[in-house]
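Student: Take a look at this one; I'll ask things after.
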Amino acid sequence: MKIAFFDTKPYDKPAFEKYGAEKGITFKFYETKLNEDTVDLAHGADGVCVFVNDTVNAAVIDRLCELGVKVVALRCAGFNNVDMKHAYGKIHVLRVPAYSPYAVAEHAMALLLTSIRRIHKAYIRTKDFNFSLGGLTGFDLHGKTVGVIGTGRIGRVFINICRGFGMKVLAYDKFPAEGLEDGENIRYVSLDELFENSDIISLHCPLNEETRHVIDASSIEKCKRGVVILNTSRGGLVDAEALLAGIKSRKVGAACLDVYEEESELFFEDKSGHILEDDTLARLISMPNVIVTSHQAFLTEEALSNIAETTVNNLVELLNNNCCENELCHKCSGAEGCRGRKCF
C-alpha cells in the first residue's frame, strides 16, 4: 500500500517509517501541504496522510478520486479541515481519535503554570543575571475554579491534573462523561454558569459549527474579570479579535494559546526572518500576559509513536475489512465515527 504523506516534518518520519515497514505500507513524504495546487502529488498512491493544516475540500476530494486515491488518513483527532459531506460515498476518511491525551493536557497545565507564576519572564531575567522579583507575583491554583469545556479523553486528564492541585472543576460537554461528576468538586453546568464562575477556562472540545467561537465577545463579557483562557484544542474555538479586545480591556487576565484560528500558513514554519502580516496574532504575542506556542501540545515521543501506530493500523484494517473502527462520515455523528460500520 502506497501513501502520499503531506506536510511532513522531520519528527514525523521515524515512527511512520518504523510502523509502515512492519505492516507493508510505504510512505512517500512531501514537505508541502495538501491543497488544490499540490493534490496531483498523490498520483500513483493508494491513499494520502494529512495533518491539521492540510486542505481536504470538495475540489481536493474530487481530484483524489480521479487519481484513484481511496483513503484520506488523518494523523490527528480533529477533522474540521475535511469536507465530510462531500467525502461521503467517495473516499474513506480515517482519523486518530486519541494518541496521548496526557501530552495535550500536560501542555495545557504547563502553559497555565508558566503564565500565572511568570516563569517565562523569570527565565529571561535570570539569563541577564537579573534576580529581582518585581512584577513576578502570581497566584495559587489551589482553591481556584477551572471551567473545562469538553470532557473527552484530554479534558478528563486535564481535570485530573487540576484536581491534583486542589482546584474545583466546572465542566461542560454536550455529551457528559458518565461517572465524572461527583457533585462537589466536579460538576457539569451550563456554559453560562461556567463562564460566570470560572477563574480559569480551558478548551478541550472539537471544532464544529456549534463550538466555533465559543469564546467570543459575548462569552468574555459573562466571565469573571481577570479570567485566564487556555486553548490547546483548535484555533477556531476562540474569536481572536474578541480575545484581544478582552485583554486590552483587562477583562481577560491572561491567555495561553497553543492554537490560533488563522494558523495554517504560520504554525509549524520558521517565520523569524519575515514580517508577520497577521496583525491580530502579532498584537497577541506582544501582550505581556499572553503565551503562544506553535501547536506543539501533541509533540511528545509517546504521542508521535501512538499517532503513527494508529494511523498505520487504520490503513491495514481498512485494507483488510473495507471498513475501520476509526472511520468518519457525516452520517455517523461525526465525532463518534463509524465505529467499524460499512458506510460504502
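Student: Would you pull out the residues with amide H under 5 Å of I186's amide H, same chain only if 5 or more places away, H placed 1.01 Å from N?
Tutor: V169
Student: So, one more: What net charge is computed for the residues neighbouring D7, neighbours being all others with C-beta under 14 Å from the C-beta of D7, Lys and Arg scored +1, Asp and Glu -1?
Tutor: Residues close to D7 contribute a combined charge of -2.
Student: Given springs between every Cα pair under 10 Å in a Gaussian network model of the chain, which of K222, K144, K127 has the largest fluctuation?
Tutor: Between K222, K144, K127, it is K127 that shows the largest mean-square fluctuation.
Student: Taking every alpha carbon pair in the range 94-158, what does the distance histogram look like in 5 angstrom bins from 0, in percent?
Tutor: Spelled out per bin, shortest first, that is 4, 14, 19, 18, 15, 11, 9, 6, 3, 1, 0.
Student: May I pose another question? Under 10 Å, Cα contacts only: if you run a Gaussian network model on the chain, which one of N35, N208, N185 comes out with the highest mean-square fluctuation?
Tutor: Of the options given, N185 has the highest mean-square fluctuation.
Student: To continue, here is another question. Let me spell out the model: positive unit charges on the Cβ of Lys and Arg, negative unit charges on the Cβ of Asp and Glu, origin at the Cα centre of the range 27-128. What dipole size does that give, in debye rounded to 20?
Tutor: 680 debye
Student: Using only alpha carbon pairs under 8 Å that are at least six residues apart, calculate the relative contact order of the range 1-107 and give it in whole percent.
Tutor: Averaging sequence separation for qualifying contacts and normalising by length gives 24 percent for the range 1-107.
Student: Further, regarding this structure: Got a sec to turn the phi values of the range 283-299 into Karplus ³J(HN,Hα) couplings, 6.51 cos²θ - 1.76 cosθ + 1.60 with θ = phi - 60°, whole Hz, x for Gly and Pro?
Tutor: For the range 283-299, the Karplus curve yields 5, 4, 4, 6, 6, x, 10, 10, 10, 10, 10, 9, 6, 10, 4, 7, 7 Hz.
Student: Right, another one. Give a residue-ordered list of calculated ³J(HN,Hα) values for the range 168-177 (Karplus: 6.51 cos²θ - 1.76 cosθ + 1.60, θ = phi - 60°; whole Hz; x for Gly, Pro).
Tutor: So the Karplus estimates, Gly and Pro as x, are 8, 10, 10, 10, 9, 7, 4, 10, x, 7 Hz.
Student: In addition: If one computes P(r) from the Cα atoms of the chain, what percent of pairs lie at distances over 24 Å?
Tutor: In whole percent, the long-distance tail amounts to 58.
Student: Next up: Of D140, D270, D258, which is the most mobile in a GNM of the chain whose springs link Cα atoms less than 10 angstrom apart?
Tutor: D270
Student: Moving on. E302: net charge of surrounding residues, Cβ under 12 Å, Lys/Arg +1, Asp/Glu -1, itself excluded?
Tutor: Once all neighbours under 12 Å are counted, the net charge is -3.
Student: Go through the range 209-226 residue by residue and turn each phi into a ³J(HN,Hα) via Karplus (6.51, -1.76, 1.60, θ = phi - 60°); whole Hz please, and just put x for glycine and proline.
Tutor: Working through the residues one at a time gives 5, 7, 9, 4, 6, 4, 9, 9, 4, 5, 5, 4, 4, 7, 6, 4, 5, x Hz.
Student: With point charges of +1 on the Cβ of Lys and Arg and -1 on the Cβ of Asp and Glu, referenced to the Cα centre of the chain, which listed residue (F29, N320, T126) lies farthest in the positive direction of the dipole?
Tutor: Of the listed residues, the answer is T126.
Student: Given the Cα atoms of the range 84-194, and with Rh set as the inverse mean 1/r over their pairs in the Kirkwood sense, what is Rg to Rh to two decimals?
Tutor: Working: Rg = 19.0 Å, Rh = 16.7 Å.
Over the Cα atoms of the range 84-194, Rg/Rh equals 1.13.
Student: Out of the total accessible area of the range 192-307 (probe 1.4 Å, heavy atoms of protein only), what percent is carbon and sulfur?
Tutor: Exposed carbon and sulfur together represent 46 percent of the surface.
Student: Cα-Cα pairs above 15 Å in the range 44-129: how many percent?
Tutor: Distances greater than 15 Å cover 67 percent of the Cα pairs.
Student: Let me ask something else about it. State in Å² the accessible area per residue of the chain; use a 1.4 Å probe, count heavy atoms of protein chains only, and round to the nearest integer.
Tutor: Working: 16480 Å² over 344 residues.
Accessible surface, normalised per residue, equals 48 Å².
Student: What is the distance, in nm, between label points placed 7 Å from the Cα along the Cα-to-Cβ direction at T126 and at Y11?
Tutor: About 2.4 nm, to one decimal.
Student: Provide, in order from the shortest bin, the percent of all Cα-Cα pairs of the range 118-274 in each 10 Å bin, continuing until the bin that contains the maximum pair distance.
Tutor: 10, 36, 34, 17, 4, 0
Student: With charges only on Cβ, +1 for K and R and -1 for D and E, what is the dipole size of the range 23-65 about its Cα centre, in debye, rounded to 20?
Tutor: 220 debye
Student: Among bridges DSSP assigns within the chain, what percent are antiparallel (round to 5)?
Tutor: Details: 2 of 42 bridges.
Rounded to the nearest five, the antiparallel share is 5 percent.
Student: Report, in deg cm²/dmol and to the nearest 500, the calculated mean residue ellipticity at 222 nm for the chain, where each DSSP H run with n ≥ 4 adds -39500 (n - 2.57) and the sum is divided by the residue count.
Tutor: Dividing the helical sum by the residues of the chain leaves -9500 deg cm²/dmol.
Student: Now for a different question. Within the range 221-338, what is the number of lysine pairs with alpha carbons under 18 Å apart, leaving out pairs fewer than eight places apart on the same chain?
Tutor: Working: K222/K248; K222/K251; K224/K248; K224/K251.
Close lysine pairs found across the range 221-338: 4.
Student: Collect residues whose amide H, placed 1.01 Å from N in the peptide plane, falls under 5 Å from the amide H of I229; neighbours closer than 5 in sequence don't count.
Tutor: It is I201, A254, A255, C256, by chain and number.
Student: Which value, in Å² and to the nearest 10, is the accessible area of I124 when all protein chains are kept and the probe is 1.4 Å?
Tutor: Surface accessible to solvent at I124 totals approximately 110 Å².
Student: Roughly what % antiparallel, to the nearest 5, for the DSSP beta bridges in the range 1-85?
Tutor: 0 percent
Student: Of the listed peptides 47-60, 299-312, what is their order by residue-averaged count of other C-beta atoms within 10 Å, with the highest listed first?
Tutor: Details: 47-60: 22.0, 299-312: 19.5.
Highest-to-lowest ranking by the protection proxy: 47-60, 299-312.
Student: Taking the Cα centre of the chain as origin and charging only Cβ (+1 Lys, Arg; -1 Asp, Glu), how large is the dipole, in debye to the nearest 20? If you can, show how the numbers build up before the last one.
Tutor: On the way: 39 positive and 48 negative charges, 151 e Å.
Dipole of the chain, to the nearest 20 debye: 720 debye.
Student: Give me P(r) over the range 226-289, computed from all C-alpha to C-alpha distances, binned every 10 Å, as integer percentages.
Tutor: Reading upward from the zero bin: 20, 56, 22, 2.
Student: Stretch K18-E36 to full length: gain in nm at 0.36 nm per residue minus the Cα-Cα span?
Tutor: Full-extension gain reported as 3.5 nm.
The values are calculated or read from the model by the stated rules, or taken from the named source; none is laboratory data. Just so we're clear, the structure is a prediction, and the values are computed from it rather than from any experiment. Quick reminder, even Gly has a Cβ in these numbers, built from the backbone with ideal geometry, and neighbours come from all protein chains shown. Quick note on the areas: whole protein, heavy atoms, side chains included, nothing else; ligands and nucleic acids left out. Shrake-Rupley method; radii C 1.70, N 1.55, O 1.52, S 1.80 Å.
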